[in-house]
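Right, one structure below, let's go through it.
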Amino acid sequence: MFEKLKKGDTVGIIAPSSKIDEDDLEAINNSVLLMESTGLKVKFAKNAFKHTLGYSAKPQEKAEDINEMFKDKEVKLIFSVSGGFNSNSVFDYLDYDLIKNNPKPLCGFSDTTSIENIIYRKTGVITFNGPTFKSLTSWATPYAYEEVIKRFMDGDMKLGQDDDEYITVKEGSAEGVLVGGNLSLVSEMSAGKYSIDFNDKILFIEEFCLESPPEAVSNYLYNLKQNGVFDKIKGVWVRKL
């Protein structure tokens, strides 16, 4: 497990998905102020604000940022600034040996799912499905910030908060490594060169109901079924956003 963050440590910010829009800047600046008030330093990757392709930086630029953040000894935790699309474009350009030899937490959700799963598959480095940097202050409640502090500064690995609600769909118990994340991206990574290893794993699924209608969710789940994923895993944990 990684060392706990302490005051004076640096967190690195990457933008591996969609470009940072002007509308994002207020929340991002607020998140910087919040981290600094907590005693942490914030360091943005050199390509984080680029949109070379119009909709994002180039895959090579994004991968360069990821590689450099893992290499940077000052950086103790890496945040994706936000979600979006096409983080899978970096796969061919990541230095997996460098990442393996410089393990540190990578935190984000939604589109960051692709990078988190491929890094674990290729290197064994543990990543975290959790808040993006922007969501630390863009959400209506301090939940995201509180979870980050609990996990990375206090070292508390307890899932969720005391008032979180859970519904058991099928009784049972299972133990295994947690893989997965955003449903659409997990579905995409159920087969092919950069597929997730689902064998004996606990599959975690998160999906934003305002973005994915029931027919899309059905499509993703059937794709997982048709690729034999549910025959390989030991359990499923679903979080609806």
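Details
- Hits in the stretch 186-217 (condition: hydrophobic (A, V, I, L, M, F, W, C), part of a helix (DSSP H, G or I) and either assigned by TED's automatic domain parsing to the domain that holds ILE115 or farther than 23 Å from ARG121 by Cβ (or both)): ALA216, VAL217
- Residues of the stretch 205-214 include at least one that is surrounded by 14 or more Cβ atoms within 10 Å (Cβ to Cβ) and among the small types (Gly, Ala, Ser).
- Counting only residues that are touching a Cys at 6+ places or on another chain (Cβ under 9 Å) and assigned to a strand (DSSP E or B), the stretch 218-241 holds 1 of them.
Table: residues versus (1) more than 23 Å from CYS107 (Cβ to Cβ); (2) modelled with pLDDT under 95.
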| position | (1), (2) |
| --- | --- |
| ASP163 | no, yes |
| ASP200 | yes, no |
| LEU203 | no, no |
| PHE208 | no, yes |
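- Hits in the stretch 100-145 - residues which are part of a helix (DSSP H, G or I), of a type in the set (S, T, N, Q) and closer than 21 Å to SER17 by Cβ: THR112, THR113, SER114, ASN117, THR123, SER135, THR137, SER138
- For THR141, the conditions (1) polar (S, T, N, Q); (2) outside the structural domain of ASN101 (by TED's automatic domain parsing); (3) modelled with pLDDT under 95 all hold with the exception of (2).
- When ASP162, ASP156 are checked against the criterion of being surrounded by fewer than 17 Cβ atoms within 10 Å (Cβ to Cβ), within 29 Å of THR123 (Cα to Cα) and of a type in the set (Asp, Glu), a single residue qualifies: ASP156.
- Pairing each residue of the stretch 13-42 that is assigned by TED's automatic domain parsing to the domain that holds SER110 and touching a residue at least 24 places away in the same chain (Cβ under 8 Å) with any residue that is part of a helix (DSSP H, G or I) and aromatic (Phe, Trp, Tyr), provided the two are 6+ apart or on different chains, yields C-beta distances under 7 Å for LEU34/TYR145.
- Number of residues in the stretch 49-99 that are over 19 Å from GLY124 (Cα atoms), out of contact with any strand residue (DSSP E or B) (no Cβ under 6 Å at 6 or more places or on another chain), among the β-branched types (Val, Ile, Thr) and not in a loop (DSSP other than H, G, I, E, B): the value is 0.
- Answer from ASN223, ASN227 - the residue that is more than 30 Å from GLU3 (Cα to Cα), touching a helix residue (DSSP H, G or I) at 6+ places or on another chain (Cβ under 8 Å) and polar (S, T, N, Q): ASN223
- Only one entry of LYS58, LYS50, LYS7 meets the criterion of being loosely packed, with under 15 Cβ neighbours inside 10 Å, of a type in the set (Lys, Arg) and either within 15 Å of SER135 (Cα to Cα) or modelled with pLDDT of 95 or more (or both), and that entry is LYS7.
The values are calculated or read from the model by the stated rules, or taken from the named source; none is laboratory data. What you see is a predicted model, and the numbers here were worked out from it, not measured in a lab. All Cβ positions, glycine included, derive from the backbone under ideal geometry; neighbour counts span all protein chains shown.
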